1. Could you tell me how far the Cα centroid of region B:349-374 sits from the Cα centroid of region B:392-438, in Å?
2. How much space per residue, in cubic angstrom, does the convex hull of the C-alpha atoms of region B:158-249 take up?
3. Can you sort B:MET126, B:MET284 from fewest to most other Cβ atoms within 10 Å of each residue's own Cβ?
4. So what are the three principal axis dimensions of region A:57-115 from its Cα atoms, in whole Å, longest to shortest?
5. Taking each residue of A:97-107 in turn, how many C-beta atoms of other protein chains fall within 10 Å of its C-beta, and what is the average?
6. Which order do B:THR348, B:THR540, B:THR282, B:THR387 fall in if you start with the one that has the fewest other Cβ atoms within 10 Å?
7. What is the Cα centroid distance between region B:80-100 and region B:1-71, reported in whole angstrom?
8. Just want the answer: with Cβ charges of +1 for Lys and Arg and -1 for Asp and Glu, which residue in B:THR353, B:THR282, B:PRO414 is farthest toward the dipole's positive end in the protein assembly as shown?
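Every read-out reported here was derived from the displayed coordinates using simple, explicitly stated rules and does not represent laboratory data. This structure is a prediction, so every number in the text was calculated from the model and none was measured. Note that each Cβ is placed from the backbone with ideal geometry, even for glycine, and that neighbours are counted across all protein chains shown.
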Amino acid sequence: MILNRNFYNKVSLLRSAWFKWQLAKLTGERLFKSFKLHKTEWPEKIYFYSPRLRRKPLYIGTVDKLSMWKESKFCENICPTHAIKVTADAIMIDDRGCIGCGLCVEFAPPGLLEMSVEFNEVHRS
Amino acid sequence: MFSWKEFEKTKVILAQDSSYFESAGQHHITIRPINLLRWVEMAGEDLGFFTLVEIAGVDLSGLDNSPYPFRLTYHFLNMGAHQRLNLHVCFNINEIIPSIVGLFSNAEWMEREQWELLGIQFNRHMKSLLLPRGQKVFPYRKDSSSADWPMDIPENNPVLRFNPNKSESPFAEESYIWKNYSLYSSQSKGLFEWKACFDGHRLVDSIVDIGFYHQGLEKTLTTKDWIQSLALVDKINFGASPNYAVAWAKSLEDLLRIKIPERAQAIRIMGIELSRIFEHLTVMHEICFALNLPEHRLFLNLREKIYELMEKYCGHRQGFGMIKIGGVRDDLPPGWIVEYQAVFDVLTKVLKTIHRSLISQPQFRESLSAASVSAQTALQWGLSGPTMRASGLNFDLRKSQPFYFYQDIDFDIPVGIHGTAYERYLIRYEEIFQSLRIITQVIDNLPMGEFINPDWVKDYFTLTEELKKIDVSKDWHYTGIESPNGECGFLIMLNRNSGLSRVKIKTPSFPLVQALPLLLKNVAEDHLLASLASLGIRSTELDR
């Protein structure tokens, strides 16, 4: 189907050049080697990627609140990779095991755990 | 359309030996292994179930008192009528199951997988797929123990033949060159081994070997709670984590009939579509990287902007932990929508310029013109996603089984003709704009309200009691979702003790890798890696 009825008629040089230009636009071919059709707009050359950190649970409570933790046994059991271990006087979160799912933060008693914001963050005042 | 009432009248003999029930819009038929081949043949040829989606086996010897404690489930899909058929084969372990590889080529790896995990005997020679070769232990059986685990014996090495008679001309195979795209090579796409054979410059034959992750995810999912396993399911595919999490959460919500609020539905759709965009961008990056084009860097920069959007919402760059049971993790933070609009402007503008500059290079079009997939092979090998759509099959789960708001949203599905790698690239390019279109429509009509069902915020602990109320007779439950590279989903079998007795993960990469020697046959060596990248294979999905 030919949409343009004047396609087979005689056309001027300028008109034919215009047709060629349109065809080149569609197919993406270059008319002349010196003539650049598509000038790529490069974005900024240096891109600052955001830091690739793994957020991990951070203990923000005081020492006297440790008893609260021990009463709620659930935080230890909720961890899908068993990365949390509770001893007599400390809570140990294994960095290698932690996948940063945030379930322990969700199920801990309020004011004990929080997700870290910076890399290797140990303490937050 | 398949209906059991009409079927019972016409095919009396087959209907007598089998029982039927319907649950969640899917047909379930329980049969004996004698009738299996006849059933599968009829399903494929008469009833229009052209694609075999998944095969899953389970051992119920402790739980079930029936004489046939083992079960195999064949899950079929009818694309024309949007119907799904489950054939449950009940049998004793001493019985031999007929293999259906002659009817569905797709079944070869699936049967091998069931054999090595459960020790089910099929009537053909079997080699182990995921586990070390020469195994004697079947880990998914109830009576299994990891007593003597054998060493891995490499068996897939190609046998090289030479003509001993020097007076004759040498064999054609002698001039072949074998190349090993091994586990840690930068050229292959992750942890699977691929030995390729070239005659001069074209690929003749290749051998694929998988099973190097050793996660055992299907087994661990049965031991965890539903909430815990949401965190594990996220990591099946890093690019498409919201898809798997939604499929997992949705399967539980359908079973318990939990209503999730409309705002949560909208945010879930946005998560799925954002993940689709950045997965497509990574594939486009990989294509350009394989062709040594400098544009590959620009795709990464674009992807980074979507990562930042995700990070501002849920704290993780790829959208982990975004979805919770009964809703989503958090409400949209203030100013997020404005930032999305900024990203939208940059994406549409920059992506079009990159695309135009790529298309204008004849080298790009020529090198991607190979590796065509016909519609017949796509059906025969159970392919899905952009690879299937490029071959001309118009099927998308967002249109055929619309969930949440997908039926109210205007969007189109791009479909190809020849199924070449170039068309796969074009479909990916178009789908990015379509999913941007979906997100803008969702944001325009963003419903107000809560982001999580308030009854389910604190009541996770009553989950086990709720699960006991479910009717267990309808055991198998399948939910599938259109992930960026194809259909992903979970076949779940519930247990009477409120747990799971079997989980089967359906991933799009598994059939793709299985059909890889066929799909990339006669592709020139220079164009091979680009056409491999266009398939969108993710090796983390291959593990079970």
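1. Each part's Cα centre sits 19 Å from the other's.
2. Values: hull volume 12.5 nm³, N = 92.
Considering the Cα atoms of region B:158-249, their hull volume per residue is 136 Å³.
3. Details: B:MET126 14, B:MET284 26.
The most exposed by this proxy come first: B:MET126, B:MET284.
4. Cα extents, longest axis first: 28, 21, 17 Å.
5. Values: counts 0, 0, 6, 5, 10, 7, 8, 0, 0, 6, 3.
Across A:97-107, the average partner-chain Cβ count within 10 Å equals 4.
6. Working: B:THR348 12, B:THR540 17, B:THR282 20, B:THR387 31.
Ranked by crowding around the Cβ, least crowded first: B:THR348, B:THR540, B:THR282, B:THR387.
7. Region B:80-100 and region B:1-71 have Cα centres separated by 6 Å.
8. Positive-end residue among those listed: B:THR353.
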